[in-house]
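Asker: The structure is given below, and queries will be raised subsequently.
The values are calculated or read from the model by the stated rules, or taken from the named source; none is laboratory data. Nothing here was measured: the structure is a model prediction, and the numbers come from that model. Quick reminder, even Gly has a Cβ in these numbers, built from the backbone with ideal geometry, and neighbours come from all protein chains shown.
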Ligand code: ADE
């Protein structure tokens, strides 16, 4: 997969993309990430990327020409999603990450200041994404969030025992608790079941913990999570009063 990022702060991306899973995915050739400075595509000698808004008001607006020139020259003849990071976009969720991970190529534009000239949205961008209902200083951190969530889904990126399919949200539920050694820490013991060596019962316990944690913290997720008929009955007994919108599943 190739990901092109357009920003006026390329230096922000250096260390986050040079650590952990993203670093390894790049080294393995699973993803080719290129960060482009929009300023390099500005035509004037001051390399201006923003200007005052028509109609007045405070703040600055990112000019359209450098952004169009940057995206069009990097994209060439390819067609691919061109995503603007903005608090006005559709909400980023695990399902969005999964869909983006299927693309061969992605372009991410990081907005700054009060906003981006509307013609960028209308005639260049194909999608707008927000990472949550809060306002950040720009699209750089959201672009990093999206790259991280997408890259770890690429086959071979995790490359260890745990698969991304078991993560919180990938199953539609939150994950239950995890423990490692020591078996007793300050008098707090690891649940016996996890040390029983009984794989089927451990799996059942984990599923139950996952359902309980979701019920306690994010009951809204239960409406759309894949659940067996027995799990629905059990959740009702545990006090869940919300709707079930998904068809039931038979698998564990
Ligand atoms: N730019 C500023 N805030 C943002 C957010 N929450 N999501 C995406 N882009 C943003």
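Asker: Is there a residue in the range 157-164 that is surrounded by 12 or more Cβ atoms within 10 Å (Cβ to Cβ), within 13 Å of the ligand (Cβ to nearest atom) and either in contact (Cβ under 8 Å) with a residue 60 or more places away in the chain or part of a helix (DSSP H, G or I) (or both)?
Answerer: Checking the range 157-164: not a single residue is surrounded by 12 or more Cβ atoms within 10 Å (Cβ to Cβ), within 13 Å of the ligand (Cβ to nearest atom) and either in contact (Cβ under 8 Å) with a residue 60 or more places away in the chain or part of a helix (DSSP H, G or I) (or both).
Asker: If we scan the range 57-71, do we find a residue that is modelled with pLDDT of 95 or more and surrounded by fewer than 14 Cβ atoms within 10 Å (Cβ to Cβ)?
Answerer: no
Asker: Then there is this: Restricting attention to the range 123-156, which residues are outside any loop (DSSP other than H, G, I, E, B) and in contact with a strand residue (DSSP E or B) (Cβ under 7 Å, 6 or more places away or on another chain)?
Answerer: Answer for the range 123-156, where residues must be outside any loop (DSSP other than H, G, I, E, B) and in contact with a strand residue (DSSP E or B) (Cβ under 7 Å, 6 or more places away or on another chain): 127, 128, 129, 130, 138, 140, 142, 143, 146, 147.
Asker: Do you know which residues across the range 38-81 are part of a loop (DSSP other than H, G, I, E, B), at negative phi and in contact with a helix residue (DSSP H, G or I) (Cβ under 7 Å, 6 or more places away or on another chain)?
Answerer: Of everything in the range 38-81, those that are part of a loop (DSSP other than H, G, I, E, B), at negative phi and in contact with a helix residue (DSSP H, G or I) (Cβ under 7 Å, 6 or more places away or on another chain) turn out to be 42, 43, 49.
Asker: Being out of contact with any helix residue (DSSP H, G or I) (no Cβ under 9 Å at 6 or more places or on another chain), more than 10 Å from the ligand (Cβ to nearest atom) and at pLDDT 95 or above is the filter here, so list the residues in the range 82-124 that pass it.
Answerer: Hits for the range 82-124 are 93, 95, 99, 102, 104, 121, 122.
Asker: State yes or no: is residue 35 closer than 16 Å to residue 145 by Cβ, without any contact (Cβ under 8 Å) to a residue 60 or more places away in the chain, touching a helix residue (DSSP H, G or I) at 6+ places or on another chain (Cβ under 8 Å) and more than 16 Å from the ligand (Cβ to nearest atom)?
Answerer: For residue 35, the condition - closer than 16 Å to residue 145 by Cβ, without any contact (Cβ under 8 Å) to a residue 60 or more places away in the chain, touching a helix residue (DSSP H, G or I) at 6+ places or on another chain (Cβ under 8 Å) and more than 16 Å from the ligand (Cβ to nearest atom) - is met.
Asker: For the range 130-145, enumerate the residues that are in contact with a helix residue (DSSP H, G or I) (Cβ under 7 Å, 6 or more places away or on another chain) and within 8 Å of the ligand (Cβ to nearest atom).
Answerer: 131, 136
Asker: List the number of the failed condition for residue 108; all other conditions in (1) touching a strand residue (DSSP E or B) at 6+ places or on another chain (Cβ under 6 Å); (2) part of a loop (DSSP other than H, G, I, E, B) hold.
Answerer: Every listed condition holds for residue 108 apart from (2).
Asker: Within the range 82-101, count every residue that is in a loop (DSSP other than H, G, I, E, B) and either more than 21 Å from residue 71 (Cα to Cα) or in contact with a strand residue (DSSP E or B) (Cβ under 9 Å, 6 or more places away or on another chain) (or both).
Answerer: Number of matching residues: 2.
Okay, residues lined up against (1) closer than 28 Å to residue 236 by Cβ; (2) over 26 Å from the mean Cα position of the chain (by Cα); (3) assigned by TED's automatic domain parsing to the domain that holds residue 97:
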| site | (1), (2), (3) |
| --- | --- |
| 174 | yes, no, no |
| 180 | no, yes, no |
| 187 | no, yes, no |
| 190 | no, yes, no |
| 200 | yes, yes, no |
| 211 | yes, no, no |
| 215 | yes, no, no |
| 220 | yes, no, no |
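Asker: Give 131, 109 a once-over and let me know the one that is surrounded by 10 or more Cβ atoms within 10 Å (Cβ to Cβ) and under 13 Å from the mean Cα position of the chain (by Cα).
Answerer: So the residue among 131, 109 that is surrounded by 10 or more Cβ atoms within 10 Å (Cβ to Cβ) and under 13 Å from the mean Cα position of the chain (by Cα) is 131.
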